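The values are calculated or read from the model by the stated rules, or taken from the named source; none is laboratory data. Just so we're clear, the structure is a prediction, and the values are computed from it rather than from any experiment. Quick reminder, even Gly has a Cβ in these numbers, built from the backbone with ideal geometry, and neighbours come from all protein chains shown.
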Amino acid sequence: MLQNILIRNIAIANNIEIDWSPGMTSISGETGAGKSILLNSLSLALGDRADSTIVRHGESRAEVVATFNVGRIPAALKWLKERDLDNTDECILRRTISSEGRSRAFINGQPVPLAELKTLGEFLIDIHSQHAHQSLLRSDTHLRLLDEYAGLTPLRQTVKEAWLAWQGLERKYAQLRQNADEKAARIQLLQYQCEELANLALAPGEVEELDTEFKRMSKSESLLRGAHAAESILNGDDEPTAVAALKAVLHELKCLDDPSDSLKSAYSLIESALIQTQEAGHDLQIYIESFDFDDERRFLVEDRLNTIHELARKHAVASENLHDHYYQLDAELNELTDSDAASETLAEEVELRKKHYFAAAKKLSAKRKQHAKSFEKEVIEKLSQLAMPGAKFNVAFEEQPKQASNGIDAVEFHISLNPGQPLQPLAKVASGGELSRVSLAIQVICAEHTTIPTLVFDEVDVGISGATAEIVGHMLRSVGAQGQVICVTHLPQVAALGHNHCIVKKQHTESQTTTNIVRLDSEQRISEIARMLGGIDITAQTRAHAEEMLRSHSQAH
């Protein structure tokens, strides 16, 4: 139930706060007083779109805060708990809109996406527009209204989920089938490429190792010649060598009889050089001995490298990446090969999802047809009360040519307004005034069967008057007695039947115009009903009539 609404800086509403009570609350006011601001603000709190034009001129931000008691709304409590947004039985929806057009939404103080606000709002409140009769001209509305009346919204959601699951897999399977030829060609290519690379049997790092070996073998003669020359200089047999020279220097220095430090240092350094030169010569001998002029090995290495480089060019990858490339192709081949089996499994899953959808859709269809009869009966009864006693009403079923997310049924309301006339589609028969009364009858019936505790009726009594208006008031009061009804009306017969009454007033000063919502006490309510009855000039007779209307309704209920 709606407990409180706070409206700040929306259009000409400066600062409005009002508490709401159970039962039926009538809202009246002169044309242009700002009744639409209340409904627009409530819609904003429930997640409707908004732009910066709604922000009061000169202000930086508009705000709406709606407080609900959700203690008796299990669906809302469950939804809040699943998202860790529950806050005992009180739920606060808050919406802000900046003058630059930025919008933010909050549930119990936690920021949420706007879609979350809208989803939660569907559990809390249902707004019946004054233009609802226009939607009756569309047959897609008829199916929704029947489902609301029959309380089939959860089952309809189950059908929708089954439909989405089926269609999602169906699209995936169709894509697989469409790509079957392309996939077969790709598998054939991959099999050839993988076989070719598998035969190569390239080891990790082999390319680098072969390349290093081949380069060394290619310049082995020049390397050996240079090594021999260097070794001969160090420690040759024929000519004076570096080792012999160093030994001679040491011999000469040793023969000198001088304790000089510099001489000692020189001797030590040359002695060290001799040792290192001898070691270098030894290493050069090992290096020279390591050369093996194996022409066959050189040919094998060269041929292996040529084969590797040729395959690398063929696959458009670097030779050193050819090993990893093979494993990538092999993984893709395995995945595509496995997908054939997956495709068969997917086809079975598609068929299973299809069966689930039709099972749920047929169950929904049966429930619709079951409740359609009582719906027809109640509509006819309500139309009779609304001064259309000869009307006949029928819910016509056809099977949809294509299955859809709302099931397998196509539904259209047929009506006959006069005895002897055949039933025809509603859009072809009813005039504007008749259509508004049919719409009102259906809306009231749906409201009587809804689980949503708060219902808003926005001037749904347009086009009726007199005794019919009073009947409408009784209908709305009866619905309100079971929960909460907020009814914006211009008819005194309807307003007088409210358990509570509020008035929307516009106020002017030299600098600004504002609107406000005021709860009326008994005397104020008499004055407002009298204004609605008599216009600007309220006579004593008009006031007495208003007082009598209110007294008779309070005694009757």
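Looking across LEU455, LEU497, one residue alone is modelled with pLDDT of 90 or more and either touching an Asp or Glu at 6+ places or on another chain (Cβ under 6 Å) or within 20 Å of LEU386 (Cβ to Cβ) (or both). It is LEU497. Within the set VAL350, VAL395, VAL379, VAL317, the sole residue that is touching a His at 6+ places or on another chain (Cβ under 9 Å) and more than 30 Å from GLU208 (Cβ to Cβ) turns out to be VAL395.
Look at LEU137 and say whether it is buried (at least 16 other Cβ atoms within 10 Å of the Cβ), aliphatic (A, V, I, L, M), touching a residue at least 60 places away in the same chain (Cβ under 8 Å) and part of a loop (DSSP other than H, G, I, E, B). When the stated conditions are applied, LEU137 does not pass them. For the subset of the range 368-408 comprising residues that are touching a Phe, Trp or Tyr at 6+ places or on another chain (Cβ under 8 Å), part of a strand (DSSP E or B) and hydrophobic (A, V, I, L, M, F, W, C), which member is surrounded by the most Cβ atoms within 10 Å (Cβ to Cβ)? Within the range 368-408, the match that is surrounded by the most Cβ atoms within 10 Å (Cβ to Cβ) is PHE393. Residues satisfying the criterion are absent from the range 479-490 (criterion: within 20 Å of ILE12 (Cβ to Cβ), touching a residue at least 12 places away in the same chain (Cβ under 8 Å), surrounded by 22 or more Cβ atoms within 10 Å (Cβ to Cβ) and assigned by TED's automatic domain parsing to the domain that holds ARG8).
The residues of the range 256-311 that are aliphatic (A, V, I, L, M), farther than 19 Å from ALA245 by Cβ and surrounded by 12 or more Cβ atoms within 10 Å (Cβ to Cβ), listed by number, are ILE288, LEU300, VAL301, LEU305, ILE308, LEU311.
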